[in-house]
Amino acid sequence: QVQLVESGGGLVQPGGSLRLSCAASGKIFSISAMGWYRQAPGKQRELVAVITGGGSTNYADSVKGRLTISRDNAKNTVYLQMNNLKPEDTAVYYCNVVGAPNYGSPSYNYWGQGTQVTVSS
């Protein structure tokens with residue numbers, strides 16, 4: 001069983017910053033991609049940012065230049081530094097990890113429970 005524990009969400013004013021963290025623990029042998037998705041009320045879940053094991057990153061166009069994804073492989077943790085936040089960034093943010101539970105096993109998608117980010121004055 002793999003657990004993803006997220007932290008760092010909250011209420012922030014427009015232009016403010018937040019840092020999300022997501023730590024993976026449990027039975028996981030290797031992790032390839034780690035990422036963040038978000039879902040606003042009435043909308044589908046969308047990719048925010050993803051980072052591979054080698055450090056390559058990909059961002060949604062709407063967050064480029066404002067949000068930065070990083071990871072600590074030794075801690076199986078992924079971060080999302082969010083700067084210059086806008087009201088349209090308001091959503092529940094979900095951590096996603098693609099990993100294999102055992103050597104030679106296929107990889108699976110694991111999801112965190114979600115953390116609320118609200119950008120409002």
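Key figures for this structure:
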read-out	value
Any hit, segment 73-87, residues being more than 18 Å from L20 (Cα to Cα) and in a helix (DSSP H, G or I)	no
Pair list, Cβ < 6 Å and 6+ apart or interchain, from segment 69-98 residues that are within 16 Å of G42 (Cα to Cα) to residues that are among the β-branched types (V, I, T) and in a strand (DSSP E or B)	P87/V119; D89/V119; T90/T118; T90/V119; Y93/T115; Y93/V117
In segment 94-111, the residues that are farther than 21 Å from G55 by Cβ and either open to solvent by less than 40 Å² (accessible area, probe 1.4 Å) or modelled with pLDDT of 95 or more (or both)	Y94, P101, S105, W111
Filtered residues of segment 1-54 (kept if touching a Lys or Arg at 6+ places or on another chain (Cβ under 8 Å) and open to solvent by 50 Å² or more (accessible area, probe 1.4 Å))	Q1, P14, Y37, Q39, R45, E46
Flag for V119 being surrounded by 15 or more Cβ atoms within 10 Å (Cβ to Cβ) and either touching a helix residue (DSSP H, G or I) at 6+ places or on another chain (Cβ under 6 Å) or farther than 17 Å from S7 by Cβ (or both)	yes
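The values are calculated or read from the model by the stated rules, or taken from the named source; none is laboratory data. None of these values were measured; they are calculated from a predicted model. Ideal geometry is used to build each Cβ from the backbone, glycine not excepted, and the neighbour counts take in all protein chains shown. SASA here: full protein model, heavy atoms, side chains in, ligands and nucleic acids out. Shrake-Rupley method; radii C 1.70, N 1.55, O 1.52, S 1.80 Å.
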